[in-house]
Amino acid sequence: MARHVEDVIQQSLRSNHRNLFEYNAQAGPMAIPYRLVVWDQFPAGLDESSWQSLCSILASGGRCGVGVVLRLSQSTVWPSFADPNKLSEFGLHLEFSASQDVAYLRGDEFPGIPVRLADSPQSDRVKEIMECHLQDITEVGKVVVPFESIDVGAMDLQRASSAESLSIPIGISSAGRIQSLKLGVGTSQHVLIAGKTGSGKSSLLHTMITSAVRKYSPEALRLVLLDFKKGVEFQVYSESQLPHADVIGIESKREFGVSTLEYLDRIMHARGELFREMGVQDLASLARKAPSLKMPRILVVIDEFQELFVEDDKLSQQATMLMDRIVRQGRSFGMHLVLASQTLGGAYSLPRTTLAQMAVRIALQCDSSDAMLILSEDNTAAERLRHSGQAIYNESGGRIESNQGFQVAFQNKEQQMERLHSIPRSAIPHHPAINPLGRQVVFEGHRPAVWNQKIVDAALVQHRGKDSGVLAIVLGESVSIDPPVVKTIAKGAGRNCLVVGSEETIAASILACSAYGFLRGERTHDGQARRIILLNGAKPEDEALSRVIQSMSGSAHCEIASTRDLDRVMQQVHSELVRRLENPAEAYAPLLFCVANLARFRELRKSDDYAFGESSENAKPDAIFSELLRDGPSVGIHVWVWADGVGTVSRWISRQSLRDFEIRILTQMSSNDSNQLIDSNAANRLEPYVALLQDDVDGKPIKFRPFSVATLPATFED
């Protein structure tokens, strides 16, 4: 209560109001309730610390709306540190008669004036009053500041200039004025936010973003939004197609976060080159020298930023370096970083030297350790915040004299969506100093990637170069900000692909994408057409795989065979292999031989009773299969296999044949299985909807997100 009195004086009354009554008359939703401290049998239980706090409350509490009622015990001995005379300095002294029905005011001003007390209410009435009080008191601490109280008017929508700075309304201060987040002036360049679960941190971020895009146009402000926690907080900005947003990361992966920081670093470099050409030092100078050149500020919001540093690895080191560079150099280029987290403690985080550069601090409800980290060791005001959305704004690196209490403005999701949809649409700019990609990047880590044919085709063309005959297969969306992951496959031993994982939907997606990339190349080669021969091992319940195979069957370049056709198909492929091996100098169109669900083809299971070199008519399917793996890639016959687990791989494929699969794609599996396939446990750490590509040629593991089968094209024909 003594700290509450201090907070009211420092944050609310200040020198503007004589007492709480005057403050509440103007505070509106920020009004502070009166409090009453009652101590029965005083001074029982009193210690020296409590006595000091009580004296402080008695001295200043009346001004701050805090009253004290002490019922003195006649039998308790007063401790030596407490002076009974101190009490009479700050209040009335009532002395009851023996009958307890009359009390007398004692003191210099009231020499024994009798006071007759009202009758006590009946017990039922007391119970009724207390039940009503307990029911209503739960609502007392809930302070709601409507977003309308800080929103720009219709006439001012997106009319503010960001040339000199940003000023984003986020709530109402304890003094009853609009509290704005100010960036771009002095040391106020970057923001650090901390608040535990339920503190209103997400509400603050939504209020800040919504307020910013309603005040500033896309020409004045660009947004980069990354959310690393489990949830879809930023999905609302993707759904509303927010024109300000260049990057939106929902349940972002660490790789995507680091690549986004690299993207921002490229923008800073481009702005540096532009500023040198124009002879200016910062964004404000550029705006004054060339007002027609629209160069927006960039607000980078990263929620749960510490997820970037959960592992002490190369990604963490890159993130530390890039974020430190943005913090130190971003001010000149109009780039402002907002880092938010539930806690700032823990072993992995940004260096203290970097955090110290972030002068603006916003503290919501925190425990004591985080309260000291977000503000300072001698500033624990955040520990005393009591309700959701109550916060402290500090623009001096946490110094206690700069504390400004405020309440975050609130809007529900429906209201937010309505406001976002009311914003005028505009095209995404394409400029190396604004958005070098020329498009909005949306990463949704909580679900499979969405197929975008325009982007996929561009990636395939880029990897093929000028030679449309190059075999290139697209696998999925990159977990970074890069284009889709594409693997080019040239003739040569070992250039086969093995997909291992129990997720049938992922296998179906990779099969479809492989077929798409294969058939999107040059269809004919010296009069020969590219072909895909697929062994269909889909089970009745494999809906995704069946759907993909059905789509492939519509192509004249795809031959689909069932388990019953195995012998015939293997003989057919073997004859083609022999023909090519006998005439290696001839040019042949690529042939992709696919086995969908290896475990359904028992005849392909390895055995020791065959010998290479048998005639096509006598060779067994398993022998042909091994021969295809060994000799096929060198003559343009590449094998694509999906196996549902490492157990199937070990039973069907010999160790020698396994070496003929240089390209391996894994979904989540145990550490032992991962080590068996790629000599690394990397596949054990894969998240849902993520797969791992490893090519023995370069040994570099690449994570990617397979496309949702539901979004894939219905046909593979041009």
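The values are calculated or read from the model by the stated rules, or taken from the named source; none is laboratory data. Every value quoted in this text rests on a predicted model; they were computed, and no experiment measured them. Glycine also receives a Cβ, built like all others from the backbone with ideal geometry; neighbour counts cover every protein chain displayed.
Got at least one residue in region 332-351 being touching a strand residue (DSSP E or B) at 6+ places or on another chain (Cβ under 9 Å), assigned to a helix (DSSP H, G or I) and among the polar types (S, T, N, Q)? Checked against the condition, which is being touching a strand residue (DSSP E or B) at 6+ places or on another chain (Cβ under 9 Å), assigned to a helix (DSSP H, G or I) and among the polar types (S, T, N, Q), region 332-351 yields no hits at all.
I'd like the full set of residues that are among the acidic types (Asp, Glu) and in contact with a Leu (Cβ under 8 Å, 6 or more places away or on another chain), limited to region 299-321.
Asp303
Inside region 553-584, residues that are surrounded by fewer than 19 Cβ atoms within 10 Å (Cβ to Cβ) and closer than 19 Å to Arg495 by Cα make up a count of 4. Looking at the structure I just gave you, is Ile168 surrounded by 12 or more Cβ atoms within 10 Å (Cβ to Cβ) and among the β-branched types (Val, Ile, Thr)? Answer is yes for this residue. Would you pick out the residues in region 167-226 that are assigned to a strand (DSSP E or B) and farther than 23 Å from Gln10 by Cβ? If the condition is that a residue be assigned to a strand (DSSP E or B) and farther than 23 Å from Gln10 by Cβ, then Ser167, Ile168, Leu183, Val185, Leu221, Arg222, Leu223, Val224, Leu225, Leu226 are the ones that fit. Please state which one of Met335, Met321, Met372 is buried (at least 19 other Cβ atoms within 10 Å of the Cβ) and either modelled with pLDDT of 95 or more or among the β-branched types (Val, Ile, Thr) (or both). It is Met335.
Under the condition of being crowded, with 17+ Cβ neighbours inside 10 Å and either part of a loop (DSSP other than H, G, I, E, B) or without any contact (Cβ under 8 Å) to a residue 40 or more places away in the chain (or both), the residues counted in region 430-449 number 5.
Looking at region 1-26, which of its residues are assigned to a helix (DSSP H, G or I) and charged (D, E, K, R)? Correct list: Arg3, Glu6, Asp7, Glu22.
Leu205 satisfies every condition listed in (1) surrounded by 24 or more Cβ atoms within 10 Å (Cβ to Cβ); (2) within 17 Å of the chain's Cα centre (by Cα); (3) under 21 Å from Gln416 (Cα atoms) except (1). Within region 292-299, is even one residue farther than 28 Å from Lys230 by Cβ and of a type in the set (S, T, N, Q)? The answer is yes; a qualifying residue exists.
Based on this model, can you work out whether Glu717 counts as within 30 Å of Ala556 (Cα to Cα) and either modelled with pLDDT under 95 or among the polar types (S, T, N, Q) (or both)? Yes; evaluated as a whole, the condition is true for this residue. Among the residues of region 477-496, is there at least one that is more than 30 Å from Ser670 (Cβ to Cβ), outside any loop (DSSP other than H, G, I, E, B), modelled with pLDDT under 90 and over 28 Å from the mean Cα position of the chain (by Cα)? Yes: region 477-496 contains one or more residues that are more than 30 Å from Ser670 (Cβ to Cβ), outside any loop (DSSP other than H, G, I, E, B), modelled with pLDDT under 90 and over 28 Å from the mean Cα position of the chain (by Cα). Taking the listed residues Ser238, Ser259, Ser316, the one that is assigned to a helix (DSSP H, G or I), in contact with a Ser or Thr (Cβ under 8 Å, 6 or more places away or on another chain) and hydroxyl-bearing (Ser, Thr, Tyr) is Ser259, with no other qualifying. Checked against (1) under 27 Å from Arg602 (Cβ atoms); (2) without any contact (Cβ under 8 Å) to a residue 60 or more places away in the chain, Asn684 meets all criteria but (1). Residues in region 395-413 that are without any contact (Cβ under 8 Å) to a residue 60 or more places away in the chain and over 28 Å from the mean Cα position of the chain (by Cα) were compared, and the one that is surrounded by the fewest Cβ atoms within 10 Å (Cβ to Cβ) is Glu401.
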